[in-house]
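The structure under discussion appears below in the form of structure tokens.
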Amino acid sequence: MRLRPKVGEAGRRIHSELVTDRLHKHWGWGFADQQPGPRELRAAAAGLGQHLGLGVLEVEDPLPLDRVQLAAPRVCIPAALGDFCADDIHARASHALGKSYPEVVLGFRGRFQHPPDFVASPRSDVDIERVLEWCSAERIAVVPFGGGTSVVGGVRPELPSSSHHNGAISLDLRRLDRLLEVDPISRSARIQAGATGPQLEEQLAAHGFTLRHFPQSFEYATLGGWLATRAAGHFATLWTHIEDMTESVRALTPLGIWESRRLPGSGAGPSPDRLLCGSEGTLGVIADAWLRVLPRPLHKRSAAVSFARFPLGAECVRALSQSGLHPSNCRLIDPSEARLTMAGDGSSALLLLGFESADHPVDFAMHRALEICRQHGGEVSEGSARAGSGAAGIGGAGTAGGAGGDGGDAVGSWRQAFLGAPYMRDLFVACGVLSETFETAITWERFPAFHERVIGTAQELLGDRGQVSCRFTHVYPDGPAAYFTVLAPALRGDEVEQWWAIKRAVSLLIIDAGGTITHHHAVGRDHRPWYDQQRPEPFAAALRGAKAAVDPQGIMNPGVLVDPLP
């Protein structure tokens, strides 16, 4: 039995204008009305400089939109598409960049070097098909756009130097935000690609379900973006990446519809779903998908465990990942990151542990997990092991992860820092702090030496005033997903060059050591040089062939993943 939400109930449109009544920042994270004023910025900078040990930070103001100058559009909006397209300065500027550190720097300074010629906000599959048909005929590049939260240059309408395109547009899918169908028997739901995390969770909650996918970009990122980038959520084990929850995907390509069957599993050749997951807009436009959903959890337990040294905690996490207990949260943060997020005082590493279930109590799982922690030298914080904490999930009101009771403890402090991190990047740019993250994965036996090399290389590049920290975001029986954070005083005016110097050195080290260039941030344009080294050349040739087959004019997000065939 399938349920189709009625208009006015769970499936109602979240917004009726082109995208939303509130304007997003034209240069950074969130909405324009969330930008703190000059007095608030300077007050925040004083505390931030002291907390980071960087002394007094000088605050700059972003270039206001009315002073931004963009290159004239290379192509005009065709009359046939005019009722859902826009080329005003806010539309073009806010779709010109993603949210990586260098992109935020460029937007902050009003340097929008590759703005789209216009932005299309389709209302239906028919609108998408009309856009693809016109762009194919006119050789106009199409860059699919969800929440614009890419931190790897994945939504920047930058054409390769060898490109023969006549222009580029941004295809904003956020008007396609509805829950279309629910199958409560098979526990799956069909959701449009433009739905953001809060939107899809609100609509699923009306049916008692949750997708259980809470990446740090949850507030603004869309389902289509998660699928296109193989995004990983907050949960540490089992279903970590969005493709683990994917039953079927439907995409619109320049050559027609790409839709797979709804199946619990299949051995019929390479999976059409898996080729779309991670395709980053290069093969077509993901329109909607059937996702495996779950009842909202009723039983939760969380705990914080400290370790004298990060390597001791890493050995404990390895034992937990191989125990079969499958904790929902198993994040190990080193002493430096514990101090930065105010989850600890910096004297020890901290493990944030959580279990949840919609079916049964999780007390035994937590009890056994804490036994393993103690066996590895872990010290359980008094009163931290408790029920009902948000450690098992990160969602706020209306999401499956939301729960009260965090108070001022380590779990709650880390949770708030995790959710607020994207907003902090904007503050860092204004205050002259360089920030970058390197997220990767590697097998357990190689991790100790790998960790030491990455930390040492990054610290050498940063100098005495720079800081490098590490945490595990996800863990598998055969290895961790390690997430390295870099903070340092920025070289004002040369931030992008400074960033690239660090990015190149650490990325090369990661690839040479056998890690992946990205565990959950995708490839985009920034990771292309190292992705080209990571993948085997026969696979690259197969991917180029697949792109040529469904996108013969090479209009879909050119320059990402592969270069189109001549």
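The values are calculated or read from the model by the stated rules, or taken from the named source; none is laboratory data. Model, not experiment: these values are computed from the prediction. Methodologically, a virtual Cβ is constructed for each residue, glycine included, from the backbone with ideal geometry; neighbour enumeration extends over all protein chains shown. SASA here: full protein model, heavy atoms, side chains in, ligands and nucleic acids out. Shrake-Rupley method; radii C 1.70, N 1.55, O 1.52, S 1.80 Å.
Below, the figures for the structure above:
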read-out: Whichever residue in segment 278-300 is open to solvent by 10 Å² or more (accessible area, probe 1.4 Å) and not in a strand (DSSP E or B) and, among such residues, is farthest from G154 (Cα to Cα); value: L298
read-out: Residue in segment 52-75 that is of a type outside the set (D, E, K, R), under 14 Å from A120 (Cβ atoms), in contact with a strand residue (DSSP E or B) (Cβ under 7 Å, 6 or more places away or on another chain) and in a loop (DSSP other than H, G, I, E, B) present; value: yes
read-out: All positions within segment 116-147 that are in contact with a strand residue (DSSP E or B) (Cβ under 7 Å, 6 or more places away or on another chain) and of a type in the set (D, E); value: D117, D125, E129
read-out: Selection count, segment 235-270, where residues are among the charged types (D, E, K, R) and touching a helix residue (DSSP H, G or I) at 6+ places or on another chain (Cβ under 7 Å); value: 1
read-out: Residue among A548, A501 that alone is within 30 Å of I128 (Cβ to Cβ), assigned to a helix (DSSP H, G or I) and either hydrophobic (A, V, I, L, M, F, W, C) or free of Cβ contacts under 8 Å to residues at least 40 places away in the same chain (or both); value: A548
read-out: Filter result (in contact (Cβ under 8 Å) with a residue 60 or more places away in the chain and either more than 17 Å from S136 (Cα to Cα) or surrounded by fewer than 21 Cβ atoms within 10 Å (Cβ to Cβ) (or both)) within segment 556-566; value: V560, L561, V562, D563
read-out: Looking only at segment 147-162, and only at residues there that are under 16 Å from R230 (Cβ atoms) and hydroxyl-bearing (S, T, Y), the one that is surrounded by the most Cβ atoms within 10 Å (Cβ to Cβ); value: S150
read-out: Identity of the residue in segment 268-277, without any contact (Cβ under 8 Å) to a residue 24 or more places away in the chain and either in contact with a His (Cβ under 6 Å, 6 or more places away or on another chain) or open to solvent by 60 Å² or more (accessible area, probe 1.4 Å) (or both), that ends up farthest from L173 (Cα to Cα); value: A268
read-out: Top-ranked residue of segment 508-522 - restricted to ones that are in a loop (DSSP other than H, G, I, E, B) and among the β-branched types (V, I, T), ranked as farthest from A137 (Cα to Cα); value: T516
read-out: Subset of segment 20-42 (residues that are open to solvent by 80 Å² or more (accessible area, probe 1.4 Å) and in a loop (DSSP other than H, G, I, E, B)); value: D21, R22, L23
read-out: Counted residues, segment 57-75 - those being over 28 Å from the mean Cα position of the chain (by Cα) and either closer than 21 Å to H26 by Cα or at pLDDT 95 or above (or both); value: 8
read-out: Leading residue by the ranking (surrounded by the fewest Cβ atoms within 10 Å (Cβ to Cβ)) among those in segment 201-253 that are under 14 Å from L291 (Cα atoms) and among the acidic types (D, E); value: D244
read-out: Cβ-Cβ under 9 Å pairs, at least 6 apart or on other chains, segment 186-211 side on the phi > 0 side of the Ramachandran plot, far side hydrophobic (A, V, I, L, M, F, W, C) and buried (at least 22 other Cβ atoms within 10 Å of the Cβ); value: R187/F209; R187/V293
read-out: Conditions (1) in a helix (DSSP H, G or I); (2) more than 23 Å from F472 (Cα to Cα); (3) open to solvent by 40 Å² or more (accessible area, probe 1.4 Å): number failed by G265; value: (1)
read-out: Matching option when the condition is at pLDDT below 95 and either open to solvent by less than 30 Å² (accessible area, probe 1.4 Å) or of a type in the set (G, A, S) (or both), among A400, A481; value: A400
read-out: Complete set of residues in segment 303-339 that are among the hydroxyl-bearing types (S, T, Y) and within 16 Å of C470 (Cα to Cα); value: S306, S336
read-out: Check on D117, crowded, with 16+ Cβ neighbours inside 10 Å and acidic (D, E); value: yes
read-out: Hits in segment 523-545 - residues which are in a loop (DSSP other than H, G, I, E, B) and over 21 Å from the mean Cα position of the chain (by Cα); value: R535, P536
read-out: Test: I555 is at pLDDT 95 or above, in contact with a strand residue (DSSP E or B) (Cβ under 6 Å, 6 or more places away or on another chain) and more than 17 Å from T437 (Cβ to Cβ); value: yes
read-out: Any hit, segment 523-536, residues being within 27 Å of A221 (Cβ to Cβ), among the acidic types (D, E) and open to solvent by 60 Å² or more (accessible area, probe 1.4 Å); value: yes
read-out: Unmet requirement for V305, which otherwise passes all of (1) surrounded by fewer than 24 Cβ atoms within 10 Å (Cβ to Cβ); (2) modelled with pLDDT of 95 or more; (3) in contact with a strand residue (DSSP E or B) (Cβ under 7 Å, 6 or more places away or on another chain); value: (1)
read-out: Within segment 510-522, considering residues that are among the aliphatic types (A, V, I, L, M) and within 24 Å of the chain's Cα centre (by Cα), the one most open to solvent (accessible area, probe 1.4 Å); value: I511
read-out: Yes/no for Q553 being open to solvent by 60 Å² or more (accessible area, probe 1.4 Å), within 27 Å of N166 (Cβ to Cβ) and either polar (S, T, N, Q) or touching a Pro at 6+ places or on another chain (Cβ under 6 Å) (or both); value: yes
read-out: Tally of residues being open to solvent by 10 Å² or more (accessible area, probe 1.4 Å), over 19 Å from V75 (Cβ atoms) and in a loop (DSSP other than H, G, I, E, B) across segment 86-112; value: 5
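Okay, residues lined up against (1) without any contact (Cβ under 8 Å) to a residue 40 or more places away in the chain; (2) touching a helix residue (DSSP H, G or I) at 6+ places or on another chain (Cβ under 9 Å); (3) surrounded by fewer than 18 Cβ atoms within 10 Å (Cβ to Cβ):
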{"position": "A45", "(1), (2), (3)": "no, yes, no"}
{"position": "Q50", "(1), (2), (3)": "yes, no, yes"}
{"position": "L57", "(1), (2), (3)": "no, yes, no"}
{"position": "D61", "(1), (2), (3)": "no, yes, yes"}
{"position": "R74", "(1), (2), (3)": "no, no, yes"}
{"position": "A79", "(1), (2), (3)": "yes, no, yes"}
